[in-house]
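Quick note: the coordinates plus some simple rules give every number you see, no bench work behind them. Since the model is a prediction, treat every value here as computed from it, not as a measurement.
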Amino acid sequence: MKIKKKTIILDVSILISFLLIVAFAWFLLHKKYETIVLRKLKREYVQVGNKVFRVWVASTPKEQTRGLMFVEYLPKHDGMLFVWNHYVIEPFWMKNTLIPLTILFIKDGKVIKQMDMKPCHAEVCPLYNPNTEYNMALEINQTNKNYVGQMVMIIDNNKN
């Protein structure tokens, strides 16, 4: 009887240790998302009206799906620019996004719609749909400033 009890205690200890290691690894991967994943993305400067933002550029479906998930802090004038080479009519969502954001929907270099989005930790999150076509979207820290109608320009970092 004692052998079974020791075996069960050992098995439970191994299982608990394994679960703790997995949980810790998951935590580290999500904490390091910005440094691991975002560091690989192209960086640009985008001017909206007279305001300049430093942005990560998400141009592939994988980059766009991941967006700013798990990012805990976004500097005041940073953001993420989503770019398509055609028009889209797709909603955004905030699943696993930890900070409130404002999204600017851009068509042909002009902000056509602006929406505030709330962080979402639920399994099903609300959709933020501009109900119009666009070819770029810019996510920035939530703001009271209205950018609708402002012109948008990507600043060439390679100019001398």
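Things to note:
- What the phi angles of region 99-116 give under the Karplus curve with 6.51, -1.76 and 1.60, with θ = phi - 60°, is a coupling list of 10, x, 10, 10, 10, 10, 8, 10, 10, 6, x, 9, 6, 10, 7, 9, 9, 8 Hz, glycine and proline written as x.
- Taking all C-alpha pairs of region 111-155, those more than 18 Å from each other amount to 37 percent.
- A cut-off of 5 Å between modelled amide H atoms, ignoring neighbours fewer than 5 places along the same chain, links Lys42 with Val57.
- Alpha carbon Rg of region 78-156, scaled by the compact-globule rule 2.2 N^0.38 Å: 1.07
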